[in-house]
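All remarks here apply to the structure that follows.
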Ligand code: ACO
């Protein structure tokens, strides 16, 4: 029977069709998807912090309203993704505990501080831009609940990217000091945003199998290249530069060449040694503890409802 189930699974993957929660799947497929979706969910939740920190300091009521909406979207993405991951059999409580204990990874990019208002622009343009480049192919992921979640999330990410671009455009066309602030935020964010796509392909242990299973559709380096090609003309339109002296059009390849990224920095950040790792986790733990009364009240309410129904 195991053989028949495996053959059925292989057939679905070969047809480029979808696996659903009740279908049989290899343990390793379940495990890697749980890992990726949970990391993705944690990234959305931790990713609320650098921007949440700027809501009270946004320069106008309109900017405040937009930023609040964006941070709320991120909470929504996180909850959506935890639900998708739960269909694979791990509870949200367990995933949350892994994050709070420091056992689970989340995206490296959220371990950098957001220093000025211009960082809201750079995060929207470059971080959400990288997220979209990475996530559009995930809409075709072989695991149904993840692929479907990605469709909606990508639509909202497009709005996030445009609002970031618009912040930078406004600053770039403002006073010299505003333009400089925009340029400095881009300088800070560029390298870490390119690292969001993960390590280079020859140091990416999960890619080969995830691509064979139609979870990932492109390698880390392929998506990174696609992103660089996309942002170069956008930077020109903004009137800003990208901080890479090696960035230049390669006629033969039909792509932009770009300089080596600081991979020691990247591996340090994902081991917990980035500039804001400790602060991000401490904040998340405190928020979790402060929310204990809500969880208790909800559980008590559910218990009373169940009691009332059984009478
Ligand atoms: N930050 C933190 N950890 C990372 C990053 C990163 N930018 N890139 C790779 N890693 C981790 C991987 O999770 C993996 O660790 P693990 O085996 O302990 O889980 C290890 O580094 C090796 O990397 P890969 O073998 O390349 O891992 P994978 O095949 O999972 O590819 C990738 C990494 C591209 C990030 C993939 O997991 C993915 O597409 N995830 C979904 C998108 C996502 O999580 N986005 C979050 C940021 S966007 C946002 O939230 C707005």
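Coordinate-derived values only; no laboratory data. Just so it is clear, the structure is predicted and the values come from calculations on it, not from any experiment. For neighbour counting, all protein chains shown are included, and Cβ atoms are generated from backbone atoms with ideal geometry for every residue, glycine included.
Using the Cα atoms of the range 108-265, I'd like the radius of gyration and the largest Cα-Cα distance, Dmax, both in angstrom.
Looking at the range 108-265, its Cα Rg and Dmax stand at 16.1, 51 Å.
Pick from 106, 301, 146 the residue whose mean-square fluctuation is largest in a GNM of the chain, springs joining Cα atoms under 10 Å.
Of 106, 301, 146, the most mobile in the Gaussian network model is 301.
How big is the shadow of the Cα convex hull of the range 56-106, averaged over all directions, in nm²?
Values: hull surface 18.0 nm².
Averaging across all directions leaves 4.5 nm² for the Cα convex hull.
Can you list the equivalent-ellipsoid semi-axes of the range 203-311, largest first and in whole Å, using the square root of 5 times each Cα gyration tensor eigenvalue? Display every interim value, and only then the final one.
Numbers: eigenvalues 422, 87, 56 Å².
Ellipsoid half-lengths, sorted descending, are 46, 21, 17 Å.
Mean separation of Cα pairs under 8 Å and 6+ residues apart, divided by the residue count of the chain: what relative contact order is that in percent? Mind showing how you got there, number by number?
Numbers: 349 pairs, mean separation 57.1, N = 311.
That works out to 18 percent.
Please express the Cα-Cα pair-distance distribution P(r) of the range 256-311 as a list of whole percents, one per 10 Å bin, running from 0 to the bin with the greatest distance.
P(r) over the range 256-311, rounded to whole percents: 19, 21, 19, 17, 13, 8, 3.
With N set to the residue count of the range 53-196, report its C-alpha Rg divided by 2.2 N^0.38 Å to two decimal places. All intermediate terms of the calculation are to be shown ahead of the outcome.
Numbers: Rg = 16.5 Å, N = 144, 2.2 N^0.38 = 14.5 Å.
So the Cα radius of gyration is 1.13 times the expected 2.2 N^0.38 Å.
Let a ≥ b ≥ c be the square roots of the eigenvalues of the Cα gyration tensor of the range 146-226; is it rounded (a/c under 1.5), or, if not, prolate (a/b larger than b/c) or oblate? If you can, show how the numbers build up before the last one.
Details: a/c = 4.62, a/b = 1.83, b/c = 2.53.
Note, shape of the range 146-226 comes out oblate.
Dividing the Cα radius of gyration by the Kirkwood radius, what Rg/Rh value follows for the range 1-123?
Checking Rg against Rh, the ratio lands at 1.13.
Order these peptides, 92-98, 40-46, by their mean beta-carbon neighbour count within 10 angstrom, highest first. Before the final figure, lay out the partial values.
Details: 92-98: 15.3, 40-46: 23.6.
Top of the packing list down: 40-46, 92-98.
Just the Cα atoms of the chain: what Rg and Dmax do they give in Å?
Calculated on Cα positions, Rg and Dmax stand at 20.9, 76 Å.
Dividing the Cα radius of gyration by the Kirkwood radius, what Rg/Rh value follows for the range 97-169?
Radius of gyration relative to Kirkwood radius: 1.05.
Name the most mobile residue of 229, 201, 264, meaning the one with the largest mean-square fluctuation, in a Gaussian network model of the chain with Cα contacts below 10 Å.
Among 229, 201, 264, the largest mean-square fluctuation in the Gaussian network model of the chain belongs to 264.
Ranking request for peptides 52-58, 222-228: highest mean number of other beta-carbon atoms within 10 Å first, then the rest in descending order. Intermediate values should be presented prior to the final figure.
Details: 52-58: 15.0, 222-228: 19.6.
Result, highest mean Cβ count within 10 Å first: 222-228, 52-58.
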